[in-house]
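One structure is given below, encoded as C-alpha cells.
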Amino acid sequence: MELSAIQKMTDDELVRLARVLKVPIASRTVKRSWLVEELSNTMEERKEKRADKPKKLPNPAVDIKGMSKRFGKTLAVDKLDLKVSPGEIVGLVGPNGAGKTTTLRVMTGIIKPNGGEVSVGGHDIQKSPIQAKDLIGYIPEKPTCYPSLTVREYLMFMGRIYDVPNEETLVRMSHYLDMFQLRVHLDDYIGTLSKGNLQRTLLVGIFVREPPFVLAFDEPIYGLDPRGAWSLKAHLHDLKKEGSAILVSTHILEVAERLCDRFVIMNDAKVVGRGTLKELLNESTRATNLEEVFLELTGGIPE
Ligand SMILES: Nc1ncnc2c1ncn2[C@@H]1O[C@H](COP(=O)(O)OP(=O)(O)OP(=O)(O)O)[C@@H](O)[C@H]1O
Ligand SMILES: [Mg+2]
C-alpha cells in the first residue's frame, strides 16, 4: 500500500511526513514526485532496519470455551463455545438481549466471565490481557471516545499507544481518512462529531495499527450511511484476505448474509444454530434465507 498511499497524500501531509522522517526539503520548489519517491525510499529503509517480524495469528485466533456470564439473576451467556480463524468473518446474530454484546465485552477483556476460557491470539484474556489486547480492535455498541481530542490527535495517539512508528501512522491515517471520508473533520473535536463520524473515527483509529487484527465489532454497520457501510464492508474483506480474524455482531441480516462466512446464532444466552448459510438452510425445512433461519431458530417464523 505504501507508495500508492504516499502518492495520494496532500501537500501538507507530505511536508509533515518529511519532517518526521527528517528528509530535508531544501527548496520551496521541490518537485512533488521527487518528494514522494524520497519519502517512500526512506520509509522502506527504516522498515528494513526495524526488521519487524510479520505478525501472524494462530488458528484459532479467538477461542472461547464454555464461557458463561451472569449479571445478578440474569444469565446473559450460557456456556458459549466460539472459535474464529484467521481469514474468516463470523457473524454473531440473535434477537435483542440474546447475549451478543456481553460475548464481545468478555472477549475483549472489558468484563470478566463467571466461567470458561477465552483466548485471543493464543493469549488468555485474563492472564495476558496486554498481549491479547494488542491484537484486538473493538467497536463498541455505544461508541464513546475522548471528547476533547481532535480527530487528528486521537489517531496519532492511537498510533503511539500501539507502538506504530509515526511515519507509518501518518501514511495509514491519510489513506483511511480518504476511505472513510473523514478528512474534513480532521481538526474537529471528537465531542462534536456526529454518531456516524465518531464511528468512522474509531474505525480509522484501529486501522492505523499494524494488521492482522482480531476484530470484535458490535453492530458496526448500524450508524454508518450507505457509503460508509460500503467502505467498511470492502475493507473487512481485504483484512480477512490478509489474515485478520473478524467477529461481527449484527441485526442487519441482509448485510450479514453477504459479509460473513459463517454464523453463530444466539437466543436467550445460548447458541441455537451455527454454520455457513448453506449448512443452516440444509438443516431447516422451511427457511430460504438467513432472515427465515434466524426467525425459525429464535421463536418461529411468524405466520
Ligand atoms: N451490565 C449489565 N448489567 C445487568 N444486566 C446486563 C448488563 N449487560 C447486559 N445485561 C443483560 O444481559 C442480557 C444480554 O444482553 P446483551 O447486551 O449481551 O444482549 P445483545 O444480544 O447484545 O442485545 P441487543 O441486540 O439488544 O444489543 C440482557 O438480558 C441484558 O439485560
Ligand atoms: Mg448488543
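Brief remarks follow.
- Whichever residue in the range 68-77 is away from ligand 2 (no atom under 16 Å from the Cβ) and either within 21 Å of residue 124 (Cα to Cα) or among the aromatic types (Phe, Trp, Tyr) (or both) and, among such residues, is farthest from the chain's Cα centre (by Cα): 70
- Which listed residue is of a type in the set (Val, Ile, Thr) and modelled with pLDDT under 95, from 246, 252: 252
- Residue within the range 75-83 that is assigned to a loop (DSSP other than H, G, I, E, B), surrounded by 16 or more Cβ atoms within 10 Å (Cβ to Cβ) and modelled with pLDDT of 95 or more present: no
- The range 3-40: number of residues that are surrounded by fewer than 16 Cβ atoms within 10 Å (Cβ to Cβ), under 12 Å from residue 174 (Cβ atoms) and under 27 Å from the mean Cα position of the chain (by Cα): 4
- Of the residues examined, residue 111 is not one that is among the aliphatic types (A, V, I, L, M) and at pLDDT below 95.
- Any hit, the range 108-118, residues being under 16 Å from the mean Cα position of the chain (by Cα) and part of a strand (DSSP E or B): no
- Test: residue in the range 144-157 that is surrounded by fewer than 20 Cβ atoms within 10 Å (Cβ to Cβ), within 16 Å of ligand 2 (Cβ to nearest atom) and not aliphatic (A, V, I, L, M): yes
- So residue 130, is it buried (at least 21 other Cβ atoms within 10 Å of the Cβ) and either more than 26 Å from residue 174 (Cα to Cα) or not basic (Lys, Arg) (or both): no
- Scan the range 119-155 for residues that are among the charged types (D, E, K, R), touching a helix residue (DSSP H, G or I) at 6+ places or on another chain (Cβ under 8 Å) and part of a loop (DSSP other than H, G, I, E, B) and the total you get is 1.
- Qualifying residue in the range 40-55 (condition: within 29 Å of residue 263 (Cβ to Cβ), of a type outside the set (A, V, I, L, M) and modelled with pLDDT of 95 or more): no
- Contact map, the range 20-46: residues that are part of a loop (DSSP other than H, G, I, E, B) paired with residues that are among the polar types (S, T, N, Q), Cβ distance under 9 Å, separation 6+ or inter-chain. Pairs shown: 22/42; 23/42.
- Every residue from the range 53-96 that is over 21 Å from residue 218 (Cβ atoms) and without any contact (Cβ under 8 Å) to a residue 24 or more places away in the chain: 53, 54, 72, 73
- Count of residues meeting criterion [among the hydroxyl-bearing types (Ser, Thr, Tyr), surrounded by fewer than 23 Cβ atoms within 10 Å (Cβ to Cβ) and within 16 Å of ligand 2 (Cβ to nearest atom)] in the range 205-249: 1
- Residue in the range 50-65 that is under 21 Å from residue 267 (Cα atoms), of a type outside the set (S, T, N, Q) and in contact with a Ser or Thr (Cβ under 7 Å, 6 or more places away or on another chain) present: yes
- The listed residues are 57, 92, and the only one of them that is away from ligand 1 (no atom under 16 Å from the Cβ), outside any helix (DSSP H, G or I) and surrounded by 11 or more Cβ atoms within 10 Å (Cβ to Cβ) turns out to be 57.
The values are calculated or read from the model by the stated rules, or taken from the named source; none is laboratory data. Fair warning: this is a prediction, and the values are worked out from it, not measured in the lab. FYI the Cβ positions are ideal-geometry reconstructions off the backbone, even for glycines, and counts take in every protein chain you see.
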